[in-house]
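What follows is calculated from the coordinates using simple rules that are stated; it is not laboratory data. Because the structure is a prediction, the values reported are computed rather than measured. Here the Cβ is made from the backbone with ideal geometry for all residues, glycine too, and neighbour counts use every protein chain on show.
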Amino acid sequence: MDHLRFNLNGTWVTERAVPPTTTLLRYLRDVKGLPGTKEGCAEGDCGACTVAVAEAGADGKPRWRAVNSCLLLLPMVQGKHVVTVEALRAPDGAWHPAQEALARALGSQCGYCTPGVVMSMFEATYREDLDQPWKLDDQLCGNLCRCTGYRPIRDAAQKIAGACPKDRFTACAPESMELHYQAGGQRFVTPVTFDALFDELERHPDARFVVGGTDLSLEITKRFVAPPKLVSLEGLAPLRVLEESAAGFRIGAGVPISELEAWSERRLPSLHRMVRYFGARQIKHRGTVGGNLCTASPIGDLAPALMSLGASAVLRGRAGERTVALEDFFVGYRKTALSPGELLAAVLVPRVPDSARAVSYKVSKRRELDISSVSAGLYVEVDAKGVVTLARLAFGGMAATPKRASAAEAALVGQPWTEASIERAAQALSKDFTPLSDHRGSKEYRALVAANLLRGFFDETKDVKQPRLAPGHAATVQAGAEVRGA
Amino acid sequence: MLKPSVGSQSGAQAPGSGPVTPLHQPLLHESGLKHTSGEARYVDDLPAPHGMLVAQVVSSPHAHARLRGLDTRKARAVPGVHAVLTAADIPGENNCGPVVHDEEVLAKDTVHFLGQAVALVVGDSYEACRAGVAAVQADYEVLPAIVTLDDALAKGSWLSDEHKLERGDVAAALASADVRLSGEFRTGGQDHFYLETQCTLAIPVEDRSLELFSSTQHPSEVQTLVAHLLGWHRNQVNVTVPRMGGGFGGKETQAAPYACLASLAAVKTGRPVKVWLNRDQDMMWTGKRHPFLTRYEAGFMKDGSLVGLKAELFSDGGFSTDLSRAILDRALFHIDNGYFLPAVRVTGRVAKTNLPSNTAFRGFGGPQGMAVIEHVLTRASEVLGVDPVALRRKNFYGAAPRNVTPFRQEVKDNRLPRIFDELEHTSDYRKRLAEVDAFNASSRWNKRGLAMTPVKFGISFTTSFLNQAGALAVLYADGSLQLNHGGTEMGQGLHTKMLAIAAHELGLSPQAIRVMATATDKVPNTSATAASSGADLNGQAVKQACETLRERLRPVAARLLGVPAANAKELLFAGGRVFLPSRPELALPFEKVTGEAYLQQVPMSATGFYKTPDIHFDKATGRGKPFHYFAYGAAVSEVEVSGLTGEHRLRRVDILHDVGASLVPTIDKGQVEGAFIQGWGWLTIEELKTDEKGFLRTHSPDTYKIPAFGDAPVDFRVALLTNAAQDDVIHGSKAVGEPPFMLALSAVAALRHAVAAFGPKGREVQLAIPCTPEAVLFAVERQRAP
């Protein structure tokens, strides 16, 4: 399709002239005159711009997802349904349960964050998997409120979570995302086959990849620079696979973090712990495995978690696929092993054997929706005699790339799995890393926390080899018998 | 129209079964449903008037520099740019300093902070304006800059004289003490992070006048400063505030610079102009809570009695005076919190730095002062080994002569002893303290802490004449009412409270009343909606205006009911009806009375006015009665700290807070909860990091973290003090906006308690504020050190 077509508040809309780097937020407010959706930060950190988007899920069933409209470029809703706060009230004037619950709980004071809160609650209304309290935190942590202190918002959200009313929002039929769009001197293409993708890359080798846009859109909203040519990988179904075999798992690079979160909970508890505090729900819906890895940030939360699990990266070009160990994927500060014309297709993760202990940690100033000061994926295999046979200790925020701590690993392998050994490994970390100070943390704090994460890892895996986050946990590291007993 | 309903008793009861009033009832927020539907409009949401232009500020890249030249020719040539305005374009006074005239709207020859406006580019679109900004050529001669409070102190850079409160012989008292504690104590700045950034729309209208729509807590001051800027009279400028998406003090004075810029541009181009700051601009350019440094010496007896306190407070005012002196005063006024200081000498001074001008923020210096004494008392309990709750109780204000503040105001009706007793009981404090100790004995890496702290907060503007308010009630023949008052709605629920008062006085349901946008053409010469005073002051004015209307309707109703004039005073106005209690079956609908009043040519608009009686303060002597009364409260916080990462969590918070006889308890509870979490953010996460050039590195929520959903305590129990009606305040209520902010100091005391548990008994805790995970972990390390 050569024009934009999407469903906005129940009506199919066509656009032919809106530049493709226009964000959905600016489009709603400036073009459509729908000012209910607010700009609070233009970077996906406050949630005031939250709207709901429905697209076909892996099972073909459309699902509503709360997303940050400030980071969503208009072509990214091609073929999808978009609902804004203005459209929640029924034609007969009846309030949507999310609206009524929030107002009755006095969950709004100034009201500026409220449309976004309502839209996050809107998603919660139709979710069937809100079975644990932490999932409600996860659902709403992307909506900052400066007035209420959140208690009434929580009360309201609990009332409607998973209510799943059969209403007009349950009947929607998303269309294909395929798009070849040009407007205002900018180009945006969403291919749905690899052939079409590689054709586009040959014609436009200077085009940039985009999937969820949670990182790239910041160039537009913060630096006011619009990339002239974008190729979206969102329409490529093979990038969305989550496969499981006897050998291990294949995680498609286009898998959104929120899908990875649900999928990994039972299969890869260590990865799941990293994903839990990865970002807000809105970000997790748009951010992808591939996007997080290819950004090659020094922190890159998924990278240390996956490296510790022995993951490798599947790179795909026109000629076919090649596989590299994940630690070899990061070749320098924000540099990867991808060649021009190549993309990250998937990550392969071997199964975690019974002899292994594995946990991932993310330490940040604020628990939710923050960038790590230090992140870590910690993994050891211990044989029947209690000797460490393999150690993969990967850290983020400690060097120019996510990196394994080879000195600390060496200090462990061949040693008994004891507190004394872990202490020697903790001491060895100073040979592995010389962290920097920045506004997220001083180098002294980073060094101390990295060592303490090893200590906590030992303590936490005494009884359970891949412990999950307990309800009400005080910190990323759940050290102490009292927590494990909870 | 969307209207709040009474949560527990919707619908009016029949006359005769007792008057129905929404007052003291659990009302919903007056705009709550409108917030959830997106219908609620903020300034940036208003439909663009025909021909509207937008603007972008050209800001200084240096913290301190001489502006040698400013070439705007290229910028004016950028397509879509309509005007580039500089100081030379200002026809009137180039000032937006609210108290002292030391703040230029557009810098003329010197810039005093990084981000100061030197020019304004006005254009068709933000893109055009940004291109225009890039094309402005400014020539700066960089001057030495002071970008830290410590540097300002070292260089003697000041914005005020020394302010002082003094009583007794402090030196002698300290000399007599068993133990003396001295030290330095710091609290940091805090960005308001109102979700709606600064915004004003200025529309030129006929008669050489302006209509402004502004997100401001102080429309009258915006009106005044705009008039001065243009060399106009105030009657040429009308300012309307539809509502604010949060204020917290950040829009008391600091909406004005951007309102002035929008006004200047509107007058110069003859077209409507909107000035809106994006988040990064707002955070970089506007002032914040004042960071404070305090040097203190305190003397205690072994039993924990405080005998003397000497303290020197220094605040970072930023580059201009703004409200810094009054904020410093309030810090001094609250150095006592709820404690009697037998001998005291406390001084304060505002430092001048090359940073944005720091300003009002919920508590207005009170938190910074109160944090000092709470810090001192917590230290004392650690050092003396005295139970911290007992130590606080021992030092509370008491019977004469222990009932007089350092500024000689008598503390009447001190509710802290009662609140402490009740809260200690309802929060299970003693039992939980034992549980915390048991947990700490068995847990190696995580420790818990529990603490109870009080708040006593003085209510009134300390600049006495500001304590005035007006209202205008407009009644139509059909019985519907438009209510105007001088206060602004920023989410705090002021309009809901005013609605309840008006409904009560006229016996109407809230559905019959519309609270109008605050506007300078309805109520003139208003004070800022600030100092927690909005309901106290405006509520009295609303009550008076509505009483006037009711009393004018009374004889009309009496005639209609055939009630002798002598008995007219017995008529009740309730439930939308007017009736004699003895003959409820003859009740008249309210609209019948107003319809008849119109026919009888009865005037149906009325004003109300209120000024707080009997308050005064003499700055020269540091003595007086600056406050009409005090608000009280206390909180118990329980935290858990990780000794591995320094991360921590609020496990449970219990609050008992005194709002008198609450006007609207649902609103007040929301204020208490929200204030607590905002205070907790200030004390534990929010951290402004400015580099050596004066550039704020934490200028967006990416790096500046306010509390998020999961930071709220797992278990949050807030109760309002019962049987607590306050004399001589509107319907027995008390102000609520600011006081509960300081309840969060209990969390700091609890964190110290937890940190202490990592080390040997008696080792003093050294914990910096904000208590970020990093600060906490280093404090834990000091406890654990051999």
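Couple of notes before you dig in:
- Under the combined filter of DSSP loop state and at most 16 neighbouring Cβ atoms within 10 Å, region A:128-217 retains these GluC sites (Glu not before Pro): A:E128, A:E175, A:E178.
- Between the Cα long axis of helix A:257-267 and the first principal axis of chain A there is an angle of about 40°, rounded to the nearest 10.
- With R₀ set to 30 Å, the beta-carbon distance separating A:A319 from A:K222 gives a calculated FRET efficiency near 0.20.
- Charge tally in the Cβ shell below 12 Å around B:V593, where Lys, Arg are +1 and Asp, Glu are -1, B:V593 excluded: +3
- Helix runs (DSSP H) in chain B reaching 30 Å along axis by Cα, Kyte-Doolittle at least -1.0: B:534-561
- Kirkwood hydrodynamic radius of chain A, Cα pairs, Å: 23.3
- Sites B:K155 and A:E423 - FRET efficiency at Förster radius 45 Å, r taken between beta-carbons, to 0.05: 0.40
- Distance from region A:341-410 to region B:655-688 (C-alpha centre basis), Å: 41
- Region A:41-117 and region A:259-333 have Cα centres spaced 27 Å apart.
- Modelled label reach - A:V13, point 7 Å along Cα→Cβ, region B:266-302 residues with backbone N closer than 12 Å: none
- Cβ-Cβ distance of B:S182 and B:K761, R₀ of 25 Å, FRET efficiency by 1/(1 + (r/R0)^6): the value works out to about 0.65.
- For the protein assembly as shown, the Cα-based Rg and Dmax, in that order, read 31.3, 104 Å.
- Taking every alpha-carbon pair in region B:70-175 and binning the separations at 10 Å intervals from zero gives 12, 28, 27, 15, 9, 5, 4, 0 percent.
- For the peptide A:99-105, the mean number of other protein chain Cβ atoms found within 10 angstrom of a residue's Cβ is 5.
- The distance between label points at A:D129 and B:A566 comes to 8.0 nm (points 7 Å beyond Cα on the Cα→Cβ vector).
- Counting Cβ atoms of other protein chains within 10 Å of each Cβ in A:31-40 and taking the mean gives 5.
- Over the protein assembly as shown: helical MRE at 222 nm, DSSP H runs n ≥ 4 each giving -39500 (n - 2.57), nearest 500: -8500 deg cm²/dmol
- log₁₀ of I(q)/I(0) at q = 0.16, 0.20, 0.28 Å⁻¹ - region B:193-255, Debye sum with one point per alpha carbon: -0.48, -0.71, -1.17
- Relative contact order computed over region B:376-464 (Cα-Cα under 8 Å; 6+ residues apart), in percent: 21
- Between A:Y333 and A:E202, the simple label model (points 7 Å from Cα in the Cβ direction) yields a spacing of 3.8 nm.
- Label separation (B:R76 vs A:R168): 5.4 nm, computed from points 7 Å beyond Cα along the C-beta direction.
- Rounded to the nearest 10 degrees, the inclination of helix A:443-460 to the longest alpha-carbon principal axis of chain A is 80 degrees.
- Dimensionless Rg/Rh of region A:1-116 - Kirkwood Rh, Rg from C-alpha atoms: 0.97
- Shielding by partners, peptide A:360-367 (average Cβ within 10 angstrom, other chains): 6
- Cα pair count fraction exceeding 12 Å, expressed as % - region A:400-442: 62
- Extended-chain gain in nm, criterion 0.36 nm per residue less alpha-carbon gap, A:A407 and A:S442: 10.4 nm
- Net charge contributed by nearby residues that have their C-beta within less than 10 Å of B:A471 (K/R +1, D/E -1): +2
- Global form of region B:544-675, assessed from the alpha-carbon gyration tensor, a/c cut-off 1.5: prolate
- For the residue pairs A:K166/B:K497; B:K625/B:K734; B:K34/B:K268; B:K74/B:K274, the C-alpha atoms sit more than 28 angstrom apart in A:K166/B:K497; B:K34/B:K268.
- Distance cut-off 49 Å, percentage of C-alpha pairs in chain B lying past it: 21
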